[in-house]
Each structure stands twice: as structure tokens, then as C-alpha cells.
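Chemist: Handing you this structure, nothing more for now.
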Amino acid sequence: MRKIVVNQEYAGYEINRYLRDIEGFSGRGLRKMTLFLNKKAVKSGEKKLKAGDIIGIIEEKKGTDIEPIKIKLDIVFEDKNILIVNKPPYLITHPTAKKVDKTLANGIIYYFKEKGLDTIPRFYNRLDMNTSGMIVIAKNGFTQAFLQNFGEVNKKYMAIVKGIINEDEFYIEKKIAVSLDGIKREIRDDGQEAKTKIRVIKRNEEKDITYVEAELFTGRTHQIRVHLSSIGYPILGDELYGGSDKRAKRQMLHSYKLSLIDPESKDRVNFEIDTPEDMKEI
């Protein structure tokens, strides 16, 4: 059971409003939870809170048919609410219709069972198979809803692109839509708003490549890959968006830095990992 003590400033709130607006629960999620007020079961909207009240929350257990498979995990951070993993390239995040095993999700479910945790992974973000870096996994419904609504998650990537970018820092704001093949994304006026900030870190004119940092302000599928390709600087090794190159076996894209609001302390916490060896070599 999760317990929350109500502060004086929230006295008078109805329980459901307090849990949604202050603690970050979703209305949908609350319908799947049993609530207690000072150890007595209550419905979400029937009681107003007083300072010092203790709210108890029991989540409905969520099952999964994903098979637990032992996979070596590079764990960046873990507490009772969040797991952050450094995903290697060539590993799919979650089972798909074509590939149902040996994904990151399979490995995390195995890890949770090994630790005696009766929960399933709830992915806040996912990465393409050939993109490496940090993925945030919520361990419970509360954390998942909090990150989506109040987490203010900021994500930054490292990328190596083909060509020399002359500007030191700029934004790409172009709408992204699904192409007719259902796989690629493309720049289109009827697409979803997308914004990426690009900052040049290093230029190598001899190799005709530029090392950049890309910061996401929206989370569209393939966003960084599509945006950089659209301005003539595809990511090195990205076969889907014009970056094919014998020097790279995959797209040179790595999620290396993120920050978020911790659901318990409400403080901002920051995480940063190293650049993978294949990108360093290039």
C-alpha cells in the first residue's frame, strides 16, 4: 500500500481532485485503485481532506503475457518508483508482431521477478532498435501517470551526422507525419508539431561529419532522424533516412542525458551516461 500524508495547504480538497492535481494520478488510473482514508475504505470523490489525513492506495495488479528472459541490464538508476536502463544498440525495446522475445521488456520482467517485485515495466519512453541510451521505466501506475503529467522529462541525444553543419546552434520546427508505407516518417503540413534543438559540439571536415547534441521538445517517432535528414544532414548509418555509410553499422544516435521531477521528493534529478564505443571510434 502506498501512503500519502496531506499537508495543511490541501485541506478541503476532495480526494480525487487532490490525487489528480497534486500527486499526479490519472483519472483512469484511479478507477483501478482502492483508496483508504485514515485506514477506512472510501470512494474517490466522497470525502474532503483535512491536514494530517493519511491516504492509502492499493493498485490493481496489472498482468502481462511477455515472457521473462534473462538479459544483461546496464542499470543507470533505480529506486522504488523508477528504473533507468542504458539500452544497447540492436535491442528492441518492446515485443512487436514480428519479434516476440529477447527484447528489453523481456529482460526487465525477468529482473523484476528475480528481485521479487510483483510489477510490470511501464515504459515512459522507447528507443529505436539501433538507437542506444537511456530508457525510463515506471514501476507502478502512479509513477507512470506522474511522469506523463508532471515529470517534465527533458531528453538530450548525441548524434554524428553526414556533412558539416555551419551553424553552432539552431532549432528545427517541422511537422512530422506517418508515410504511406507506415514505417517511415516524413515532413508534412498535416503532421504533428515537432521541435528539436541542435547544438554543434565538434566538426571533422576531413571525415565530413559533425558531432551534435539534439534536445527534444516533443516526442514524435523518429523525430531527430527525420528532422536532421530534412535539412540535409542525415544521421551517419541511418539507412532509413539517407545516412547509409560503411563507417557505421547503425545510426549514430545515443540518448545520453535526461532530467526529470522525482515523484517522491518533487526535486529535479539529472542523469548522464557516456558515449558508446562505436560512436567514439568514428
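The values are calculated or read from the model by the stated rules, or taken from the named source; none is laboratory data. Only a predicted model underlies this, so the values are computations on that prediction, with no experimental measurement involved. Every residue, glycine as well, gets a Cβ built from its backbone with ideal geometry; the counts of neighbours run over all protein chains shown. Side chains are part of the model used for accessible areas, which takes the heavy atoms of the whole protein and leaves out ligands, DNA and RNA. Shrake-Rupley method; radii C 1.70, N 1.55, O 1.52, S 1.80 Å.
Chemist: Might you check whether a residue that is out of contact with any Asp or Glu (no Cβ under 6 Å at 6 or more places or on another chain), surrounded by fewer than 20 Cβ atoms within 10 Å (Cβ to Cβ), closer than 27 Å to PHE150 by Cα and modelled with pLDDT of 95 or more occurs anywhere in segment 231-240? It would help to see each step written out before you state the result.
Modeler: Within segment 231-240, the first condition is being out of contact with any Asp or Glu (no Cβ under 6 Å at 6 or more places or on another chain), and the residues that meet it are 231-235, 238-240.
If we keep only those that are surrounded by fewer than 20 Cβ atoms within 10 Å (Cβ to Cβ) too, we end up with 231-232, 239-240.
Filter again for closer than 27 Å to PHE150 by Cα, leaving none.
Looking for residues that are out of contact with any Asp or Glu (no Cβ under 6 Å at 6 or more places or on another chain), surrounded by fewer than 20 Cβ atoms within 10 Å (Cβ to Cβ), closer than 27 Å to PHE150 by Cα and modelled with pLDDT of 95 or more, one finds none in segment 231-240, hence no.
Chemist: Those residues that are open to solvent by 20 Å² or more (accessible area, probe 1.4 Å) and either farther than 30 Å from MET252 by Cα or assigned to a strand (DSSP E or B) (or both), I need them from segment 101-116; list them, please. Give the derivation first.
Modeler: Filtering segment 101-116 for residues open to solvent by 20 Å² or more (accessible area, probe 1.4 Å) gives 101-102, 110-111, 113-116.
LYS113, GLU114, LYS115, GLY116, listed by residue number.
Chemist: Yes or no: ILE183 modelled with pLDDT of 95 or more and surrounded by fewer than 21 Cβ atoms within 10 Å (Cβ to Cβ)?
Modeler: Numbers: modelled with pLDDT of 95 or more: no; surrounded by fewer than 21 Cβ atoms within 10 Å (Cβ to Cβ): yes.
For ILE183, the condition - modelled with pLDDT of 95 or more and surrounded by fewer than 21 Cβ atoms within 10 Å (Cβ to Cβ) - is not met.
Chemist: Hey, another quick one. State all residues of segment 148-175 that are buried (at least 18 other Cβ atoms within 10 Å of the Cβ) and more than 19 Å from the chain's Cα centre (by Cα); if no residue qualifies, say none. I'd like the intermediate steps shown before the answer.
Modeler: First, the residues of segment 148-175 that are buried (at least 18 other Cβ atoms within 10 Å of the Cβ): 151, 155-162, 165, 172, 174.
Selection gives ILE160, VAL161, LYS162, ILE165, ILE172, LYS174.
Chemist: Cβ-Cβ under 8 Å, sequence separation 6+ or interchain: first residue in segment 155-180 and touching a residue at least 60 places away in the same chain (Cβ under 8 Å) and within 18 Å of GLY232 (Cα to Cα), partner open to solvent by 40 Å² or more (accessible area, probe 1.4 Å) and part of a strand (DSSP E or B). Which pairs?
Modeler: These pairs meet every condition: MET158/ILE201; MET158/TYR211; ALA159/TYR211; ILE160/TYR211; ILE165/ARG203.
Chemist: Could you go through segment 249-258 and let me know if any residue there is of a type in the set (S, T, N, Q), in contact (Cβ under 8 Å) with a residue 60 or more places away in the chain and closer than 24 Å to PRO88 by Cβ.
Modeler: yes
Chemist: Might you let me know whether segment 138-147 holds any residue that is over 19 Å from ILE66 (Cα atoms), in contact with a Leu (Cβ under 8 Å, 6 or more places away or on another chain) and surrounded by 20 or more Cβ atoms within 10 Å (Cβ to Cβ)?
Modeler: Yes.
Chemist: So, of the residues in segment 196-220 that are in contact with a helix residue (DSSP H, G or I) (Cβ under 9 Å, 6 or more places away or on another chain) and not hydroxyl-bearing (Ser, Thr, Tyr), which turns out to be most open to solvent (accessible area, probe 1.4 Å)?
Modeler: Within segment 196-220, the first condition is being in contact with a helix residue (DSSP H, G or I) (Cβ under 9 Å, 6 or more places away or on another chain), and the residues that meet it are 196, 198, 211-212, 214, 216, 220.
Filter once more, keeping what is not hydroxyl-bearing (Ser, Thr, Tyr): 198, 212, 214, 216, 220.
Numbers: ILE198: 0, VAL212: 0, ALA214: 0, LEU216: 23, ARG220: 75 Å².
Step by step, filter segment 196-220, then rank; the result is ARG220.
Chemist: Moving on to the next point. Sort out which residues of segment 13-58 are surrounded by fewer than 17 Cβ atoms within 10 Å (Cβ to Cβ), of a type in the set (A, V, I, L, M), at pLDDT 75 or above and closer than 23 Å to GLN144 by Cα, and write them in order of number.
Modeler: Residues satisfying the conditions are ILE22, ILE54.
Chemist: Working carefully through the options THR96, THR119, find the one that is in a loop (DSSP other than H, G, I, E, B), open to solvent by 30 Å² or more (accessible area, probe 1.4 Å) and modelled with pLDDT under 85. Write out each step before concluding.
Modeler: Numbers: THR119 fails: modelled with pLDDT under 85.
Going through THR96, THR119 in turn, just one is in a loop (DSSP other than H, G, I, E, B), open to solvent by 30 Å² or more (accessible area, probe 1.4 Å) and modelled with pLDDT under 85: THR96.
Chemist: Also, quick follow-up: Residues that are among the aliphatic types (A, V, I, L, M) and over 22 Å from GLU167 (Cβ atoms): find the strands (runs of 3 or more DSSP E) completely inside segment 207-282 holding 3 or more of those.
Modeler: Numbers: elements: 209-216, 253-261, 268-272.
Where strands (runs of 3 or more DSSP E) fall fully within segment 207-282 and carry at least 3 residues being among the aliphatic types (A, V, I, L, M) and over 22 Å from GLU167 (Cβ atoms), they are 253-261.
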